[in-house]
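*Asks:* Questions regarding the structure given below will be posed in turn.
The values are calculated or read from the model by the stated rules, or taken from the named source; none is laboratory data. Given the structure is predicted, the values throughout are model-derived calculations rather than measurements. No Cβ is skipped: glycine too gets one built from the backbone with ideal geometry, and neighbour counts run over all protein chains shown.
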Amino acid sequence: MIDLINRILEEGRDNDDLGAILENVSEGLVALGIPVCRTTLNMPTIDPAAGVLSFQWSREKGVMRSTFAPGVSSGTQFRHSPIGYLVERNIGGERWKLEDPEVVGRFPLFQELRALGITEYALQVVPFSKRRTGLQGAALSMATDRPGDFSDAEIEEAARILPALSLVAYRIGLLHVATETLGAYLGPQTGARVLQGKDPSRRQPGHFGRLAARRSQRLHGARRPRSGNGGRRLAQSASRMHRRCGRRAQRRGYNDLRLRQRGLNLDRARFLDREG
């Protein structure tokens, strides 16, 4: 188990794919003799388009990724789910024996799992930062289809990975929040450069020439090159003009200008992101 925990921490440091990490964890549990046939990891976000990131691994299908809209993740469906049950009652975790018909009738999910032959469903909710932020925590579950359910020793052994796995989920969740927030305010390209520690206003050599070329093309329309030497001369002349425009723009401090378009002031970073 120590080797699996160390592998979780190493992958969580180098890999931002939480689904791939869950898949490796699930297969690692199976290799240790814990009869897991299905695992899930659900984590809320502050993304207005995706209220919850969800990852599910199964023995037959591997890992699947999905998202839930904010309304779904906080509405009736959530309240009538095992996760909603634990969160509303501030319960850290619970096990349900699905061979009992009364237990199966408690949640629609249990009816689906029982139809697949699941005999026990175990769920743990791990809070982040004492729920002080929108990234409140993660819900991790595992299920078995072995007759007789999990043993207590198997549950205790699997619980040892929770601190490492939840820490990895927290790191990746924070990266997702930072990426979405910067992308919303600065644009996806500029936001990505900021996360990489790069100056969002800097461009590769020749950028201003290409920028002038695109603006000139939009203003005057794209012209079809002429055939023969005339077409080549026209292309060479246009290339020289674009290079001159680029040099002239740099000399005049084009990079520091404020542009006014349709009565709106666009700052430099947003303009460069849109044009890039």
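*Asks:* Residue check, I5 against (1) in a helix (DSSP H, G or I); (2) buried (at least 20 other Cβ atoms within 10 Å of the Cβ), all met but one. Which one?
*Replies:* (2)
*Asks:* Return the residues of the range 1-24 that are under 17 Å from A159 (Cβ atoms) and touching a residue at least 40 places away in the same chain (Cβ under 8 Å); say none if nothing qualifies.
*Replies:* Residues satisfying the conditions are M1, L4, I5, I8, L9, L22.
*Asks:* Does the range 149-164 contain any residue that is surrounded by 16 or more Cβ atoms within 10 Å (Cβ to Cβ), under 25 Å from the mean Cα position of the chain (by Cα) and not in a helix (DSSP H, G or I)?
*Replies:* Looking through the range 149-164, at least one residue is surrounded by 16 or more Cβ atoms within 10 Å (Cβ to Cβ), under 25 Å from the mean Cα position of the chain (by Cα) and not in a helix (DSSP H, G or I).
*Asks:* Going through G191, G137 one at a time, which residue ends up being under 16 Å from the mean Cα position of the chain (by Cα), assigned by TED's automatic domain parsing to the domain that holds T67 and surrounded by 16 or more Cβ atoms within 10 Å (Cβ to Cβ)?
*Replies:* Within the list G191, G137, the selection yields G137.
*Asks:* Regarding S227, is this residue at pLDDT below 90, of a type outside the set (D, E), more than 24 Å from the chain's Cα centre (by Cα) and over 21 Å from P82 (Cβ atoms)?
*Replies:* It is true that S227 is at pLDDT below 90, of a type outside the set (D, E), more than 24 Å from the chain's Cα centre (by Cα) and over 21 Å from P82 (Cβ atoms).
*Asks:* What about A169, is it modelled with pLDDT of 70 or more and either crowded, with 17+ Cβ neighbours inside 10 Å or in the same structural domain as G19 (by TED's automatic domain parsing) (or both)?
*Replies:* Considered against the rule, which asks whether it is modelled with pLDDT of 70 or more and either crowded, with 17+ Cβ neighbours inside 10 Å or in the same structural domain as G19 (by TED's automatic domain parsing) (or both), A169 comes out as yes.
*Asks:* Does at least one position in the range 101-110 carry a residue that is basic (K, R), under 14 Å from S166 (Cβ atoms) and out of contact with any helix residue (DSSP H, G or I) (no Cβ under 7 Å at 6 or more places or on another chain)?
*Replies:* no
Rundown of residues vs (1) of a type in the set (A, V, I, L, M, F, W, C); (2) farther than 21 Å from R89 by Cα, yes/no style:
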| position | (1), (2) |
| --- | --- |
| Q124 | no, no |
| R132 | no, no |
| L135 | yes, no |
| P147 | no, yes |
| A158 | yes, yes |
| I161 | yes, yes |
| A169 | yes, yes |
| G173 | no, yes |
| H176 | no, yes |
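*Asks:* Please go through the range 36-52 and give me each residue that is of a type in the set (A, V, I, L, M), part of a strand (DSSP E or B) and modelled with pLDDT of 85 or more, ordered by number.
*Replies:* Within the range 36-52, L41, M43 qualify.
*Asks:* Follow-up. Applying the selection to the range 120-134, what residues are in a loop (DSSP other than H, G, I, E, B), surrounded by fewer than 18 Cβ atoms within 10 Å (Cβ to Cβ) and not hydroxyl-bearing (S, T, Y)?
*Replies:* R132, G134
*Asks:* Additional query: Name every residue in the range 25-58 that is closer than 16 Å to I172 by Cα and free of Cβ contacts under 8 Å to residues at least 40 places away in the same chain, in order of residue number.
*Replies:* The answer is A50, G51, V52, S54, F55.
*Asks:* Checking the condition in the same structural domain as Q136 (by TED's automatic domain parsing), at pLDDT 90 or above and either loosely packed, with under 14 Cβ neighbours inside 10 Å or within 25 Å of I118 (Cα to Cα) (or both), which residue from S66, S58 passes?
*Replies:* Of the residues listed, the single one that is in the same structural domain as Q136 (by TED's automatic domain parsing), at pLDDT 90 or above and either loosely packed, with under 14 Cβ neighbours inside 10 Å or within 25 Å of I118 (Cα to Cα) (or both) is S58.
*Asks:* Return yes or no: is I91 part of a loop (DSSP other than H, G, I, E, B) and buried (at least 18 other Cβ atoms within 10 Å of the Cβ)?
*Replies:* So I91 fails the test.
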